[in-house]
Amino acid sequence: MTSRQLLFVLLGVFAITQLVISEDQEGFISLDCGLSADEPPYTDSSNKLRFSSDAKFVEGGKSGTIQKHLEADYLKAYTTLRYFPDGIRNCYNLNVTQDTRYLVRASFVYGNYNGLDSHPIFDLYIGRSWWATISNDLEDPNNKWTSLQSLERGYGMSEEIIHTAIFNTLQVCLVKTDATVPFISALELRPLSDNVYATRNGSLKRFARVYFSNTNSSIRLRGNPNLYNISSSKKKFPVAVVASVASIVICLVVLVVLYIGLRRKWSSREALRPSIETAKRRFTYSEVMGMTNNFQKILGEGGFGIIYHGHLDDIQQVAVKVLSQSSSQGYKQFKAEVELLMRVHHINLVNLAGYCDERDHLALVYEYMENRDLKEHLSEGSSILDWPCRLRIAAEAALGLEYLHTGCKPPMIHRDVKSTNILLNEDFQAKLGDFGLSRSFPVGSETHVSTVVVGTPGFLDPEYFQTHRLSEKSDVYSFGIVLLEVITNQLVIDQTRERPHIAEWVRYMLSTGDIESIMDPNLKGSYESSSAWKALELAMSCCIPSSAERPNMAQIVHELNECLMYENSKRGKSQDVSSKTPTEVSTSTQMAPMAR
């Protein structure tokens, strides 16, 4: 047993003692997915949980049952399921208590319900944040399957996450990612006490569960009179007790000594790690030359170097960013970006396919973003993005930043948020890119770090510039400037204006109360004024000089979602976040207060 495994054991013991919830099941939500709405709630005889139909919590979907010969192997809740052949994104809407921490468990037992013996693959989201990829892979490369069921019999798995409810509603969504049909067998929520897994905000995924027994054997006194005879064993009683207690004490002492002894070895191994982890594919320089066809097609150029178009394995399109010898960023920023992108995973962060670190040749290989960057689509001569599309892009970029601030460990600050670093794929889905200047920031009592000022003029937080004190609110300021760009389509700094900086110009124009003079004229008035005002007020709140008065990214995400919902309600639309066109938007019910 390594020291890390020992630590998990000790944490597991603590968690088990803390997660015991009273038998009255107050606040529990236990849904038997696919159970008919006409069926009354029932109490499962094995775990005493009270399950009810999921019909009133989800729109759409069809009911199914696993094959008859498999039903005896599972709890009743796992014998039915709901599958979703229609739509890209299907969501459960659950009423929860705001600011309460919940253990959320989603279970999936395929049971060959459709007779196709297929291996469904789809994504699971909590709210608008990616939770897990559900994959019925019989080879099970990552050992994901739980012991609840057997691969040979029913193909099943479960996912758990600890999530703090920001509002009084919570969405759990199944998102279609290929030709197979998403499904779910059971969905359960358990409220946790305030002292369990306390996090600043955001969600906490299950990393490991420690199971302390591999046997179904049990021992009991009743019905086994020879186990312990009180009348004939009075003299042996103290010996048995002492022996049991002594065994436990000895085991604990051995574990503590083992932990202390291995801790130093563990620390030394950590220190011997290479400068860059190798979780992603590492390319040779000749491979980089091959995938770019000898650097034939240039996509763009930035502070890091030139970006080339390429093909990975002659199939997948990629963007290859090559460090120039005269780059002011250098190896330090290259290393920072590689290490960050190898340990983060979010739908709104650009995906790193690999890198090259060979002598004087440094390169990053990214997923290819067909629609370049947001700035390009706000420039003259480009196709005009309509108002709902702009709001959706802003909301998705905000989700990426929220993940950096609250979903990473340690949390990260981007430090160079700007419209050219918000990339758009073929579906106009926004992804943050260029993490060369990013760095971690402390949590807890410390609210900032002192550092050398870096960033892009116009987007740079003035408080950070003056004090050298960096916090996540510095990203908030930069995002506010991006949002003003999206709203106005004005240059961030324009010396021909009376007030050159965009935030000062908007502040001056707001004094007139005429929003039409602020909004991008290319929109030609095709927007709801209440939605536009709300977005404008949000942008200006991000640009408040005092960082303490700015909203955090979670609040920004929900405010932008509110703008989207309000805009769509006025247009009479109900569209999905996973749409294929740039005008289709989310209708999430996890929203902030209504726009005025």
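Between their Cα atoms, which of Lys321/Lys473; Lys321/Lys409; Lys409/Lys431; Lys48/Lys76; Lys431/Lys473 are more than 22 Å away from each other? Don't skip to the answer; put the middle values down first.
Details: Lys321/Lys473 29 Å; Lys321/Lys409 26 Å; Lys409/Lys431 20 Å; Lys48/Lys76 12 Å; Lys431/Lys473 20 Å.
Those over the limit are Lys321/Lys473; Lys321/Lys409.
Under 15 Å from a point 7 Å along the Cα-to-Cβ line of Lys56: which residues of segment 80-122 have their amide N that close?
93-96
Regarding segment 281-367, what are the three Cα extents along the principal axes, ordered largest first, in Å?
Extents along the principal axes, in whole Å: 32, 27, 22.
Using R₀ = 51 Å, calculate the FRET efficiency as 1/(1 + (r/R₀)^6) where r is the Cβ-Cβ separation of Asn114 and Arg282; round to 0.05. Show your work: numbers first, answer last.
On the way: r = 41 Å, r/R0 = 0.81.
After rounding to 0.05, the efficiency reads 0.80.
Quote to one decimal, in nm, the extra length available between Met540 and Gln495 on full extension: 0.36 nm per residue of separation minus the C-alpha distance between them. Kindly include the intermediate steps, with their values, before the conclusion.
Values: separation 45, 0.36 × 45 = 16.20 nm, distance 2.07 nm.
Gain on extension, Met540 to Gln495, equals 14.1 nm.
Please give, to one decimal in nm, the separation of the simple spin-label points placed at Arg343 and His468, each 7 Å out from Cα toward the Cβ.
Distance between label points: 2.6 nm.
Quickly work out the Arg372-to-Asp386 label distance, labels modelled 7 Å from Cα along the C-beta direction, and quote it in nm with one decimal.
Rounded to a tenth, the inter-label distance reads 2.3 nm.
Based on other C-beta atoms within 10 Å, arrange Thr420, Thr467 from fewest to most.
The most exposed by this proxy come first: Thr467, Thr420.
Give, in nm to one decimal, the length gained when the segment between Phe28 and Ser569 is fully stretched (0.36 nm per residue of separation minus the Cα-Cα distance). Could the numbers behind the result be given before it?
On the way: separation 541, 0.36 × 541 = 194.76 nm, distance 3.23 nm.
Contour length minus Cα-Cα distance gives 191.5 nm.
Counting other C-beta atoms within 10 Å, which of Trp387, Trp505 has the fewest, and how do the rest follow? Working shown, then result.
On the way: Trp387 25, Trp505 21.
Final ranking by Cβ density, sparse to dense: Trp505, Trp387.
Would you order Val344, Val257 from fewest to most other beta-carbon atoms within 10 Å of each residue's own beta-carbon? Walk me through the numbers before you get to the answer.
Details: Val344 19, Val257 10.
The fewest-first ordering by Cβ neighbours comes to Val257, Val344.
Readers should treat all values here as calculations from the given coordinates under stated rules, not as data from a laboratory. What you see is a predicted model; the values in this text were computed from it and never measured. In this analysis, Cβ positions are derived from the backbone assuming ideal geometry, glycine residues included, and neighbour counts consider all displayed protein chains.
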